[in-house]
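Notes follow the structure.
FYI, it's all coordinate maths here, none of it is from the lab. Just so you know, these numbers come straight off a predicted model, no measurement behind them. With ideal geometry, Cβ positions are generated from the backbone for all residues, glycine too; neighbour counts draw on all protein chains shown.
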Amino acid sequence: KVGQPSNALMADAPSLPLIRELLEEAPGKQQRKLPVLGHPLRYMLELYQRSADARGHPRENRTIGATMVKLVRPLANVAKPLRGSWHIQTLDFPLIPNRVAYQLVRATVVYRHQLHLARFHLSCHVKPWVQKGPTNQFPSLGTGSSKPSLLSKAWTEMDITQHVQRLWNQKGHRVLRLRFMCQQQKGSEIELQWHGTLSLDTAFLLLYFNDTHKSVQKAKLLPRVLEDFMEGDSSLLLRRAR
Amino acid sequence: QAGGITSGVPGPFREHDGPKSNQCSLHPFQVSFRQLGWDHWIIAPHLYTPNYCKGVCPRVLHYGLNSPNHAVIQNLVNELVDQSVPQPSCVPYKYIPISILLIEANGSIMYKEYEDMIAQSCTCR
């Protein structure tokens with residue numbers, strides 16, 4: 001019936017792949033308004049505009065190299081102002097498995113490499129969180145990451161695919177723990193007394209997936225025998241019709 | 001060959017096909033995700049053009065309709081053997097995907113490409 005909310009329609013047809021997928025992804029109606037336009041949403045809107053036109057048609061020259069990109073925000077954010085000009089935040093990113101049909105092809109951490117708080121300038125970077133102890137549980141990001149690419153004056157995207165792949169293939173509850181480290185720029189006459197923690201918008205994870213089940217391409221050519229029939233023996237048809 | 005068939009065969013082929021304007025073709029159609037009741041989790045795009053196929057399938061399925069051989073045979077069966085077998089239907093032939101920016105229930109923001117979401121051409125089958 002026209003006007004019936006689509007969720008009800010969708011509930012009637014959960015067997016259709018798209019509908020089932022939408023039912024799994026679409027939050028309930030109660031989530032009325034979209035979240036405030038924070039940095040992550042702004043970042044994803046820019047990624048969307050680079051990858052699709054205003055009508056939603058994927059651009060031929062898009063460079064994301066994936067059919068799905070998920071932005072994951074940090075769960076916890078434990079700040080530890082250190083002595084001196086360093087400030088470290090521990091960020092936990094939940095790695096929630098997808099349905100089997102999606103394969104992880106790339107993972108990057110996007111963070112603000114320059115922060116300006118009041119009169120202070122800070123330069124920041126990201127490192128894996130390492131358990132204190134004789135053997136480093138995780139090798140430093142240097143092994144698995146290419147040189148950070150400067151996306152814009154505000155954001156840096158650093159590839160951590162190998163780092164995440166290792167975790168991704170593990171069983172159970174997986175959390176990627178990173179450290180967001182900021183150092184007060186030289187020249188700031190007084191020390192920044194940092195009490196609170198930075199908002200959660202200073203760093204987030206981008207997970208790139210590919211759809212592994214592609215629809216099988218149907219045979220497009222007319223089978224030979226029927227082509228002959230269509231061209232060679234149409235008199236047969238003509239006779240029949242007469 | 002097809003031309004030979006239609007010209008040699010009396011009226012019914014022509015009357016039946018009706019005017020060219022209502023033959024099987026692609027019809028543009030645009031909806032908003034608000035109309036579909038999905039605007040609370042789809043951020044972009046705002047408008048979506050699924051389009052649709054509508055119209056009569058002609059007796060002679062010319063090559064432009066990309067019809068499979070089975071449709072040609074079904075037409076003949078309907079015409080010459082048993083009218084209870086329906087003529088082929090006017091349905092989409094080629095589709096293109098759509099990119100969507102959405103918010104998941106857990107607040108994750110996602111860019112996703114869905115296959116076969118926009119009808120690009122029609123066929124009779």
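Things to note:
- Computed over segment B:46-101: relative contact order in percent, which uses C-alpha pairs under 8 Å that are six or more apart: 38
- Cα gyration tensor, segment B:11-118 - rounded (a/c under 1.5), prolate or oblate: prolate
- Cβ-based net charge around B:Cys53, under 13 Å, with every Lys or Arg adding one and every Asp or Glu removing one: +3
- Fully extending the segment from A:Ala154 to A:Lys127, taken as 0.36 nm per residue of separation minus the present Cα-Cα distance, adds 7.9 nm.
- Inter-label distance for B:Tyr52 and A:Lys171, nm, one decimal - labels placed 7 Å from Cα along Cα-to-Cβ: 5.0
- Order by protection proxy (mean Cβ within 10 Å, highest first), peptides B:55-68, B:109-122, B:79-92: B:109-122, B:55-68, B:79-92
- Note: relative contact order over segment B:10-125, using C-alpha pairs below 8 Å and six or more positions apart, is 29 percent.
- Taking A:Leu206, A:Leu75, A:Leu41 and counting other C-beta atoms within 10 Å, the order from fewest to most: A:Leu75, A:Leu41, A:Leu206
- Global geometry of segment B:82-125, whether rounded, prolate or oblate, following the gyration tensor of its Cα atoms and the 1.5 cut on a/c: prolate
- Take each residue of peptide B:111-120, count the partner chain Cβ atoms within 10 Å of its Cβ, and average: the result is 6.
- For B:Lys54, residues with placed amide H under 5 Å, excluding near neighbours: B:Ser25, B:His27
- For A:Ala52, residues with placed amide H under 5 Å, excluding near neighbours: A:Arg59
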